[in-house]
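Notes for the one structure printed next.
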Amino acid sequence: MSAATLPVGRRYRDEDDYWRLRAFLRRVYLLEERHERSWHVARLDYARWHACLNGAGVGLDEVAWLWEADGEVVGLVMPDGGRGEAHLSVDPGLRTPELEGTMLDVAEAELSEATPEGARRLVVWAMEDDPLRPALLADRGYERREWVDHKWRGDLTRPLPEPEVAPGYAARALGDGLELLERCYASGLGFHEGDTAVALDNRADPSWYRNIQRAPLYRRDLDLVAVAPDGAIAAFCTLWFDDVTRSAYVEPVATVPVHRRRGLARALLLEGLRRARRLGATLATVGGFSEAANGLYRSVMGDDHDRLVPWERTWV
């Protein structure tokens, strides 16, 4: 593209935009040497089919904006779910304060959420070592918050330990039929500290999980579960393999509270990495916030990670 061509932004329109965005994210991911300074393509898939559709009840036409230059996508702004946050993905060769400032203008106008006091609030994410965006956010009145997203990077060309599954448990790919309902139930327990009311709601209508299975990168053989001796799903771990970038993205991972401290999540993660490597993946990434999650991911992935930092602004 011409260096003189200024990127122009517009709202996401249709399915063609979705596939163009996926190609853009793959290209940028490789340009960034597979660091998540822009989204992994699986993050877009998962955001569209789960975080936005299932979680926030919004479509990409409501919350996504893209920028183009010479007919090519060069930037994306959208939340990982509903309004109140913004993630910026930008072609590294075109990053300037002017372009990112324009993208932030759109994010503040279109993606901020109302506070109970009637103000506006927005969280924008930036890599900790980014020389551009943190300074730009600070100049606009954003303040850094401490809930850092650790982006762990596992080298799949190195040897991986054999998964060790606790006695009586089995690790395998998710089944269908009634087991899909039990996977929905386990999700409610795993992410809501054993709250059976949430788990029952999850199981009552499994269409939300069917939405996830519609994502282009979804593979049943990478949607793994640990099954307890009584047949209940005790833990789960899903990987998303992208053959273009030869990378695997891990999302989600959880263990039902009564089955924790048995190494089930570690065993599933290792099994998933071994399967992804057989498909051709040479890198795996996973994000972690909590001390427990980061301890698990460090133990499997190694020490290599980036730090994605939230910046928050509230205004009237």
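Computed from the coordinates by the stated procedures, all read-outs in this text should not be read as laboratory data. Everything quoted here is computed from the prediction, not taken from an experiment. Quick reminder, even Gly has a Cβ in these numbers, built from the backbone with ideal geometry, and neighbours come from all protein chains shown.
Taking the chain as a Gaussian network, Cα atoms linked when under 10 Å apart, which of 58, 124, 90 shows the biggest mean-square fluctuation?
58
Determine the sum of side-chain charges near residue 196: Lys and Arg each +1, Asp and Glu each -1, restricted to other residues whose C-beta is under 14 angstrom from that of residue 196.
Once positives and negatives cancel, what remains is -3.
What residues qualify as long-range amide H neighbours of residue 120, i.e. H under 5 Å apart, gap of 5 or more or another chain, H built at 1.01 Å from N?
115, 315, 316
Against the globular-protein guess of 2.2 N^0.38 Å, express the Cα radius of gyration of the chain as a ratio, rounded to two decimals.
1.01
Please compute the contact order of the stretch 187-316 in relative form: average sequence separation of alpha-carbon pairs under 8 Å and at least six residues apart, divided by the residue count, as a percent.
20 percent
Treating only the Cβ atoms of Lys and Arg (+1) and Asp and Glu (-1) as charged, compute the dipole magnitude of the stretch 158-281 about its Cα centre; round to the nearest 20 debye.
In debye, rounded to 20, the stretch 158-281 gives about 500.
Where does the chain land at 222 nm, in deg cm²/dmol rounded to the nearest 500, when only DSSP H runs of n ≥ 4 count, each adding -39500 (n - 2.57), divided by all residues?
So the helix-based figure for the chain works out to -10000 deg cm²/dmol.
May I ask which residue of 198, 131, 245 lies farthest towards the positive end of the charge dipole of the chain, with charges of +1 (Lys, Arg) and -1 (Asp, Glu) on Cβ and the Cα centre as origin?
Selected residue: 245.
What ³J(HN,Hα) values, in whole Hz, does the Karplus curve 6.51 cos²θ - 1.76 cosθ + 1.60 give for the stretch 267-272 when θ = phi - 60°, with x put for Gly and Pro?
4, 5, 4, 5, 4, x
Compute a Gaussian network model of the chain, connecting alpha carbons closer than 10 Å, and tell me which residue from 257, 79, 116 fluctuates the most.
Ranking 257, 79, 116 by mean-square fluctuation puts 116 first.
Could you work out the relative contact order of the chain? I mean the mean sequence separation of Cα pairs under 8 Å and 6+ apart, divided by the number of residues, in percent.
On the way: 577 pairs, mean separation 68.7, N = 316.
Relative contact order for the chain comes out at 22 percent.
Please name whichever of 84, 44, 141 sits farthest to the positive end of the charge dipole of the chain, dipole taken about the Cα centre and charges placed at Cβ: Lys and Arg +1, Asp and Glu -1.
Result: 44.
Build a GNM of the chain with springs between Cα atoms under 10 Å: which of 168, 154, 272 gets the top mean-square fluctuation?
Among 168, 154, 272, the largest mean-square fluctuation in the Gaussian network model of the chain belongs to 168.
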